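Here is the structure we will look at, set down as structure tokens.
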Amino acid sequence: MAEALLVHTAADLPAGSIFVPTMGALHAGHAALVRRAAEIARERGSPAVMVSIFVNPTQFNDPADLARYPRTLDADRALCSKAGATHVWAPSVEEIYPPAAPLPEPRLPAVATAPGLEDGKRPGHFRGVYLVVKRLFDLVRPAAAVFGEKDWQQLALVRAMIEQERLAIDIVGHETIREPDGLAMSSRNVFLSAAERDAALTISRALRFAARCSTVGEAELLMWGMLERAGLEPEYAVIRDAATLAPLSPSTRRSTRALRGLIACRAGKTRLIDNMAWSAR
Ligand code: AMP
């Protein structure tokens, strides 16, 4: 296994890479994204598989959440190397947000402000995501970038951004990687107590059980009730159009168009999100 080159400034990055942006504290979910990026690089004869590690301050609306976000650069670099990355780029805040340059004000695509989802609960979050992804893309100039479906709304936002900014970057979505018991892997899972982790299993269970309901209204009620009974604090538990994330009437039944179940809730102090296709299994 060749060790990935640790790069600190964008000037040393090769263009045309296959890119995986992250905030570090990497786990097997991120490793799967890097392996996918390495596969794409092989298919395309592209020389570089790049992972960025940057805890982006502009996407945190809670300073305490930013302060406690886990930082594990050495372990992250080892994980990236093993998964096939050629470069790990850990930029400074000043490189991403030069102090002399005013922050641009992005025009957020509709998918970022779909009612009742992340935007309502984390005001400003997607502005920060838009700012950082655009800046990372400008500096890295990748040929393709891999994002996880775990952050479904974020993936939709990045796809919309590519259209809006007319960027020639292929966006590849990767399925969510889960623990054997179904919990979606997340850097925030380390904060869960044993009891909270146990309760958190209800999130993926609720998304799976929702597939047995015949209408959107029933599915939403079922998920909400399951989360509450497990002692979790639901923020949203909804079924949406998978692409636009627009709300649906409660009487909507499963149809040919793709629908998605999405949940955000708190287990103690920790906020967790997950999503799945809403379809009968
Ligand atoms: P993060 O650094 O955790 O904010 O995420 C970096 C990238 O990894 C994003 O594209 C996430 O959607 C993706 N990701 C995080 N957790 C998972 C997971 N369990 N499965 C698949 N992708 C993930």
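The values are calculated or read from the model by the stated rules, or taken from the named source; none is laboratory data. Quick caveat: nothing in here was measured; it's all calculated off a predicted structure. Note: ideal-geometry Cβ built from the backbone for every residue, glycine included; neighbour counts use all protein chains shown.
A compact table of results
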item: Inter-residue pairs, beta-carbon under 6 Å, first touching a residue at least 12 places away in the same chain (Cβ under 8 Å) and in the stretch 134-161, second within 14 Å of the ligand (Cβ to nearest atom) and acidic (Asp, Glu), 6+ apart; result: Glu149/Glu175; Gln153/Glu118
item: Count of residues meeting criterion [surrounded by 13 or more Cβ atoms within 10 Å (Cβ to Cβ) and over 30 Å from Leu5 (Cα atoms)] in the stretch 85-125; result: 15
item: Test: Thr58 is within 20 Å of the chain's Cα centre (by Cα), of a type in the set (Val, Ile, Thr) and under 18 Å from Ala264 (Cα atoms); result: no
item: Residues satisfying the stated conditions in the stretch 246-278, i.e. in a loop (DSSP other than H, G, I, E, B), within 19 Å of Arg178 (Cα to Cα) and out of contact with any strand residue (DSSP E or B) (no Cβ under 6 Å at 6 or more places or on another chain); result: none
item: Helices (runs of 4 or more DSSP H) (entirely within the stretch 1-102) containing at least 2 residues that are within 13 Å of the ligand (Cβ to nearest atom) and modelled with pLDDT of 95 or more; result: 28-44, 73-83
